[in-house]
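Below: the structure, in C-alpha cells.
Just so it is clear, none of the values below were taken in a lab; they were calculated from the coordinates. These figures come from a predicted structure and were not determined experimentally.
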Ligand SMILES: NC(=O)c1ccc[n+]([C@@H]2O[C@H](COP(=O)([O-])OP(=O)(O)OC[C@H]3O[C@@H](n4cnc5c(N)ncnc54)[C@H](OP(=O)(O)O)[C@@H]3O)[C@@H](O)[C@H]2O)c1
C-alpha cells in the first residue's frame, strides 16, 4: 500500500491518536499521511515529523475538495456538533461528497455501535452518514465504536463523591473500550485495508452493567458506590433538578435507554484483530485513572 491516508479532526483526541498509531504502531511513512484540521496551527508537532497538514472544515465544502485532492483514503472523524438539528449529518454528508468528488478510493468513518437500531438520540447522524458512504459507491471502512472508557469521567467522579450513581440503564451492559484501543484498531485497518466495504464494531472485551462497574470502582478506588435504579423520567427529572441544561437532558437519558436495550453491549474481537493487542479491561482503566477519578 502506497496511497495517502488523510485523517480529519487531527487536532482532536481520536484523530491525533490514529495518526500516532499510523506512524508508531503501523510504521506508515509520514509522507503517506495527511493531517486535517479546522486549525492546522494546532498540528505543528505532526508537521515537524513530515506529515502534511491541511485545512479541513466540513462547513467549507469548496475547501474540502482541495484538501482531499490526491488522497487515497479519507478517514472522516465524526464531529462533536450535537445541536439536535442535523448539523452533524449535513457536515458528514458534505465530507463524503467532497471525498468522492476529489477522487478518493476509500472512505473510512467513526460511527456508533449498532448505528441503525441504537436508541442513542444521535444515532441517526451515524446511520445517515453510513448510508451516504455506501451510496457513494467507494470502498469503505466503517468503525462502529462502543462507548469510550473515558466517558466514565462524565459521571463516575460525582458518584464517587456522593456515593450514589443514578441510572435508568437497569441491567444493560456497556462494552466500554479505551479510546486509544479504538485508535490503534483504526490505524491497523487504514494501514492494511481490505478490499470493498467492511464494517467493524470496536469494543472492549466485556460488557459491564453499572452495578458491576460500581463494584469494581469500590474495590479498586476504595470508595463504595450505591447504584440507584430509576426510570427514564425520574432520571431526567433528577438531572434537571441537579442543574443539567434542559437541552441536553434527553440526549443523556437516551444513553441509559440505549444501554438498557443492549445497544452498547455488543462485544467483538475486532480491536484485537485489527491492532494485534488486547483491549484494556475496565478494571485496568480504573486503576490507571484512580488519581484523576478521585480528584
Ligand atoms: N464512542 C464514544 O464514546 C465517543 C465519545 C465522545 C465523542 N465521540 C465521537 O468521536 C469523535 C472523536 O472523538 P474525540 O474524543 O477525538 O473528540 P474531540 O477530541 O472532542 O474531537 C472533536 C472532533 O471534531 C472535529 N470537528 C468539529 N467540527 C468540525 C468541522 N466543522 N469539520 C471537521 N471536523 C470537525 C474536530 O476537529 P478539528 O478541531 O481538528 O478541526 C475534532 O477532531 C467525536 O467528535 C464524536 O463524534 C465518541
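A compact table of results
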| item | result |
| --- | --- |
| Rg(Cα)/(2.2 N^0.38 Å) for the range 78-230, N = residue count | 1.22 |
| Estimated Rh, the range 1-65: Kirkwood, alpha-carbon pairs, angstrom | 11.7 Å |
| Where only alpha carbons of the range 112-183 are counted, the Rg and the Dmax (Å) | 15.6, 52 |
| Share of alpha-carbon pairs per 10 Å distance bin for the range 49-115, given as whole % | 20, 52, 24, 4 |
| Distance histogram for the chain (every C-alpha pair counted, 5 angstrom bins, percent rounded to whole numbers) | 1, 6, 12, 15, 17, 16, 13, 9, 7, 3, 1, 0 |
| Cα point-scatterer Debye curve for the range 12-156, base-10 log of I(q)/I(0) at q = 0.15 Å⁻¹ | -0.80 |
| Kirkwood Rh in Å, taken over the range 240-295 so that all alpha-carbon pairs contribute | 14.6 Å |
| Choice from 177, 81, 34 showing the highest fluctuation, given a GNM over the chain with Cα pairs closer than 10 Å | 81 |
| Unit Cα scatterers, Debye sum, the range 183-295: log10 I(q)/I(0) for q = 0.13, 0.18, 0.20 Å⁻¹ | -0.73, -1.10, -1.17 |
| Over the range 26-174, relative contact order from alpha-carbon pairs under 8 Å, at least 6 apart, % | 17 percent |
| Candidates 18, 198, 267, ranked by Gaussian network fluctuation over the chain, Cα under 10 Å, top entry | 198 |
| Alpha carbon centroid spacing (whole Å) that separates the range 1-21 from the range 116-146 | 19 Å |
| Of 48, 131, 35, the one that fluctuates the most in a GNM where the chain has Cα springs shorter than 10 Å | 48 |
